[in-house]
Ligand SMILES: Cc1cc2nc3c(=O)[nH]c(=O)nc-3n(C[C@H](O)[C@H](O)[C@H](O)COP(=O)(O)OP(=O)(O)OC[C@H]3O[C@@H](n4cnc5c(N)ncnc54)[C@H](O)[C@@H]3O)c2cc1C
């Protein structure tokens with residue numbers, strides 16, 4: 001929306017289903033601090049090219065804290081609280097890396113129709129399962145080389161700022177939406193507007209219907225909902241999306257990633273260098289495996305975070321917070337002994353059961369095809385698509401969402417320019433034909449009704465708006481008024 005506004009397209013309206021902006025960048029008050037229940041890290045820092053989100057963070061002096069989870073695999077606790085010897089952990093890690101490489105080779109061979117030479121053994125022991133979880137669900141969630149690291153550097157910084165990661169989004173919004181007493185007060189941003197229907201007729205416009213019965217008419221729309229929402233039945237398209245589009249949407253899977261926050265009366269874990277992250281080895285893969293203390297980010301906060309993914313996330317989302325607290329405490333007591341205090345507060349975010357998200361971020365299968373990305377991003381008529389899942393290089397990241405938004409709005413601006421140019425061509429042809437007719441009409445009548453009729457035709461012409469933007473002038477805001 002900012003890119004459009006900067007290019008003179010001001011008759012826009014942003015329909016947001018929830019009561020806030022920021023989407024998957026979201027802070028909550030917890031204990032005495034702000035916790036990031038969605039995106040937490042600026043990933044991809046320290047390279048030759050600067051990550052645009054890192055630049056935004058610097059411009060806002062966002063407080064961040066260097067994170068290094070490469071040590072996690074040397075801090076593995078077994079179920080009796082013993083730290084697994086580092087040689088054993090290293091051997092298990094090497095085994096898991098080799099299996100992953102073999103698995104990748106097998107997939108490549110299978111794609112080429114060749115026979116598979118060796119099937120890697122799957123992890124079975126608690127330590128192998130813990131290592132496998134960290135490798136696949138964290139370190140190698142993407143196939144090497146990871147574009148984010150190659151392009152922007154391989155450092156990661158945890159956001160530790162009371163204003164939250166979302167401050168960057170608010171700051172961006174305030175640069176083009178009007179504010180009143182520090183709050184966005186611009187009718188181009190409409191909150192609590194759940195889009196349920198998108199109707200693309202044979203005429204030049206699009207109709208959007210929201211859950212509260214409002215109807216919006218627009219010339220174009222940019223649809224920025226997550227791939228989880230696209231895969232759900234929240235939005236109905238008339239006519240239905242073409243098969244190539246729905247196929248691309250269904251090919252892109254969704255990761256559920258849940259950070260559970262626990263607040264304690266005091267610390268009972270080690271805060272030495274290299275101990276920020278630790279693992280728990282259990283016979284069930286991903287069972288409260290990945291832990292982090294928040295002392296580096298917020299000294300004295302006495303908060304631990306445990307990250308669950310996919311099936312474990314869904315399981316925990318469907319039970320009470322008390323049941324989750326009980327499970328987490330049992331795991332912590334196995335690691336640190338029975339004397340540790342019970343957490344006084346717990347926060348379990350719901351990303352899977354949030355109908356405006358349906359998961360945490362997109363997950364493309366290994367060896368996805370370039371064509372799949374082209375299809376997921378390609379417009380369908382006047383519906384343009386954007387969001388992290390449409391970014392081939394950086395899907396799954398904040399910078400993926402940010403860069404895709406810029407790219408899609410530029411695509412739309414190009415389309416509007418193209419339509420404008422076509423219109424100018426047809427208009428000059430039309431003027432050539434109409435001018436003698438107009439002159440004739442004027443000579444026959446004493447008033448210029450024909451001229452004003454022609455003006456009316458122009459006013460409702462779908463090209464009127466694009467002309468405004470090309471002149472870089474500002475038009476009146478929100479021409480797509482809600483019709484109750
Ligand atoms: C738990 C978690 C941890 C993460 N960790 C990191 C991290 O450390 N670093 C990182 O870079 N990235 C991380 N990510 C990913 C990152 O947050 C996302 O890639 C990025 O924020 C997505 O931005 P987006 O604009 O594509 O989508 P969103 O932020 O999801 O925006 C889509 C918007 O559409 C709205 N919407 C949905 N349906 C409708 C509807 N029907 N009508 C109207 N509005 C609708 C939603 O409410 C939302 O505001 C994490 C995500 C999660 C959930």
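When you go through 396, 387, 359, 400 one by one, which is the residue that is within 16 Å of the ligand (Cβ to nearest atom), surrounded by 15 or more Cβ atoms within 10 Å (Cβ to Cβ), on the phi < 0 side of the Ramachandran plot and in contact (Cβ under 8 Å) with a residue 12 or more places away in the chain?
So the residue among 396, 387, 359, 400 that is within 16 Å of the ligand (Cβ to nearest atom), surrounded by 15 or more Cβ atoms within 10 Å (Cβ to Cβ), on the phi < 0 side of the Ramachandran plot and in contact (Cβ under 8 Å) with a residue 12 or more places away in the chain is 400.
Can you name the residue in the range 4-22 that is near the ligand (Cβ under 7 Å from one of its atoms) and either assigned to a loop (DSSP other than H, G, I, E, B) or without any contact (Cβ under 8 Å) to a residue 12 or more places away in the chain (or both) and is also surrounded by the fewest Cβ atoms within 10 Å (Cβ to Cβ) among such residues?
18
Among the residues in the range 245-252, are any within 30 Å of residue 344 (Cβ to Cβ), surrounded by 16 or more Cβ atoms within 10 Å (Cβ to Cβ) and away from the ligand (no atom under 14 Å from the Cβ)?
As a first pass, look at the range 245-252 and keep what is within 30 Å of residue 344 (Cβ to Cβ): none.
Checked the range 245-252: no residue is within 30 Å of residue 344 (Cβ to Cβ), surrounded by 16 or more Cβ atoms within 10 Å (Cβ to Cβ) and away from the ligand (no atom under 14 Å from the Cβ).
In the range 301-405, which strands (runs of 3 or more DSSP E) lie fully inside it and hold 1 or more residues that are at pLDDT below 95?
Output list reads 361-363.
List, please: which pairs have Cβ atoms under 8 Å, are six or more places apart or on different chains, and start with a residue in the range 147-164 that is within 11 Å of residue 41 (Cβ to Cβ) and end with one that is assigned to a helix (DSSP H, G or I) and at pLDDT 95 or above?
Close Cβ pairs (under 8 Å, with a partner that is assigned to a helix (DSSP H, G or I) and at pLDDT 95 or above) amount to 148/399; 157/54; 157/57; 159/57.
The values are calculated or read from the model by the stated rules, or taken from the named source; none is laboratory data. It should be emphasised that the depicted structure is a prediction, and the values quoted were computed from it without experimental measurement. Backbone-built Cβ (ideal geometry, glycine too); neighbour counts: all protein chains shown.
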